[in-house]
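Since every read-out is calculated from the coordinates, none of them should be taken as a lab result. Since the structure is predicted, the reported quantities are computational estimates derived from the model, not experimental observations. Please note: Cβ atoms are built from the backbone with ideal geometry, for glycine as well, and neighbour counts cover all protein chains shown.
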Amino acid sequence: MTSSGAGVSETASALCFALILLVPFAMAGLALINTGLGRSRSAAHSMMASLMAVAIAALVYFVIGFSWQGFAGGPVHTLSVGGKPWNWIAAEPFFMRGLQFDGSSSSLIVLLQIFSVGLAALIPLGAGADRWRLGAICASTALLAGLTYPLFANWVWGGGWLSQLGANYGLGYGFVDAGGSSSIQVVGGLTALSLAWILAPRRGKYSAEGMPAAVPGHNAVLVALGCFLATVGWCGLNSAGAILFAHGEADGCVLVTLNTLLAGASAGLTAAAITQVRFGKPDASLTVNGWIGGLVASSAACAFVKPAAAVLVGIIAGALVTFAVEWLEFELKVDDPGGAISVHAVSGIWGVLAVGIVAHFPTGYSIAGSDSGQWLSQLIGIATLMGFVLPMTYGLNWLLNRVYPQRVDIEGERQGMDLHELGADAYPDFVTHADEFIQR
Amino acid sequence: MKIAGFFLLLAGWALVAATLALLGSAAARTGFVLAGIGVEIVGMILVARSHLPVREDRD
């Protein structure tokens with residue numbers, strides 16, 4: 001199995017490898033943002049959980065995940081529906097057996113995907129901050145990397161039925177998502193929503209009348225640094241995705257990177273402006289979350305829009321994140337310390353929809369399909385995320401919670417996750433030891 | 001309410017998927033896909049309402 005059926009040139013292959021190596025910066029960025037937006041007494045736990053999540057995701061994806069995701073042109077299980085073939089899951093061997101890691105497009109896809117699944121695994125950590133047990137994080141990540149992510153990624157990137165909507169039903173070019181707005185971001189964001197529901201709000205977050213208490217993040221510097229790192233990582237993620245999944249060439253990466261940066265920047269500025277107008281001062285955490293929301297939204301259409309359209313995508317994403325954070329906290333009583341649901345699920349869905357509204361596919365685009373009906377393909381993808389992925393990820397985590405309670409006990413929450421689960425604080429100098437002040 | 005909500009989410013998606021297989025015209029497909037998404041939105045509302053914290057759970 002050496003070719004994905006849609007090979008890339010040698011130049012694009014070399015560039016793609018270098019771009020994939022930038023993706024861990026996006027992971028580092030998300031980890032820092034999640035940590036900075038949580039409490040100081042859970043900071044070490046948050047970073048430790050990020051490492052564990054990436055490690056578990058990589059290993060589980062290596063063992064079983066890739067065998068169910070596969071790549072376009074590889075072996076698949078197919079259903080015949082109304083005379084049309086629906087590829088619904090890949091049939092690659094476990095442990096990535098048979099793959100040749102030789103710089104071919106299939107091997108580059110594997111490399112990008114093993115980083116992407118790690119990125120998706122980090123997203124729920126933002127929603128479960130300050131109360132999600134380390135063991136449960138590992139188990140939940142295994143479910144995400146072994147089942148939920150590979151299945152949907154197969155439908156989008158592995159030649160599955162969503163990507164075939166164009167060829168089978170004449171709906172545009174099928175469901176299009178170059179950089180992972182849906183398969184990475186929305187899948188991670190919906191898992192975050194499921195966990196926020198299952199874990200329930202932190203103690204003291206809501207009063208008896210249902211009013212939320214402000215629990216500010218403990219380190220805005222970490223959050224802002226995470227945003228810078230994530231921007232670098234996203235440029236690599238989107239550019240590599242455009243080459244491997246949107247049949248782009250090396251010279252297209254300039255436009256993709258520009259679009260990514262413009263979407264993030266305009267989203268961040270929009271969030272800052274909205275909070276300035278509404279609250280009198282710009283809010284740092286919402287500005288960062290808006291920026292990341294812009295990056296998330298840019299991913300799907302990054303290879304098919306002009307820079308002005310990328311700015312529009314970013315502006316709408318920034319506004320959506322700002323209002324979604326408030327709506328979830330005040331109206332739906334969802335406690336999401338890192339804003340993961342608004343940033344990744346809401347912005348990701350907007351990014352997917354934006355493909356059907358603002359994307360222009362080049363003449364002679366190499367995927368079978370037509371220019372009409374693209375927006376309907378995107379809507380079908382969104383319906384699948386909401387109607388299939390959300391119940392699946394909620395159901396899996398609900399079952400896990402029945403056999404292994406995911407929320408820390410009352411004492412652990414009071415003490416802080418660092419001391420309770422790791423036995424040491426992230427900032428030991430902050431701790432006041434009473435016995436040090438006793439006169440001897 | 002939670003179970004009904006998730007049932008509606010799945011039912012909405014099934015409606016969308018069935019539309020592709022059963023209907024040929026673009027207008028009918030569009031209408032039924034939008035209807036399926038409408039069913040999913042009702043399901044989301046039910047699921048979200050079922051997760052609102054009850055008074056006894058709060059501090």
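Structure notes:
- Efficiency of FRET from Cβ geometry, A:A220 and B:I45, R₀ 41 Å, rounded to 0.05: 0.75
- Debye, to nearest 20: dipole size of chain A, +1 on Lys, Arg Cβ, -1 on Asp, Glu Cβ: 460 debye
- Look at the stretch B:39-49: the mean tally of other chain Cβ atoms within 10 Å of its residues' Cβ atoms is 3.
- Shown for A:W291, A:W375: other C-beta atoms within 10 Å of each C-beta, ranked fewest to most, produce the order A:W375, A:W291.
- GNM top mover of A:D177, A:D251, A:D336 - chain A, alpha-carbon springs below 10 Å: A:D251
- Taking a straight line from the alpha carbon of A:K281, these lysines sit under 24 Å away, with near neighbours fewer than eight places off in the same chain left out: A:K205.
- The fewest-to-most ranking of A:L222, A:L190, B:L22 by surrounding Cβ atoms within 10 Å reads B:L22, A:L222, A:L190.
- Near A:G38: Cβ cut-off under 14 Å, other residues only, Lys/Arg at +1 and Asp/Glu at -1. The net charge is -2.
- Treating r as the C-beta distance of B:A26 and A:D429 and R0 as 51 Å, the FRET efficiency rounds to 0.20.
- For chain A, the relative contact order comes to 24 percent (Cα pairs under 8 Å, sequence separation of at least 6).
- Straight-distance crosslink candidates among aspartates and glutamates, where the alpha carbon sits under 20 Å from A:K306 and sequence neighbours closer than 8 are dropped: A:D177, A:E249, A:D251, A:D371
- Per-residue HN-Hα couplings for segment A:195-210 [Karplus 6.51, -1.76, 1.60; θ = phi - 60°; Hz; x = Gly/Pro]: 6, 4, 5, 5, 6, 6, x, 4, 5, x, 5, 10, 6, 4, 8, x
- Summary: within chain A, the longest segment free of GluC sites (Glu not before Pro) located in DSSP loops with at most 12 other C-beta atoms within 10 Å is A:1-208.
- Here chain A is treated as an ellipsoid with the same Cα gyration tensor; its semi-axes, largest first and in whole Å, are 36, 24, 20.
- Charge tally around A:L15: other residues with Cβ under 12 Å, Lys/Arg +1 each, Asp/Glu -1 each, net -3.
- For segment A:151-256, the set of trypsin sites (Lys or Arg not before Pro) satisfying both a DSSP loop assignment and a count of at most 10 other C-beta atoms within 10 Å is empty.
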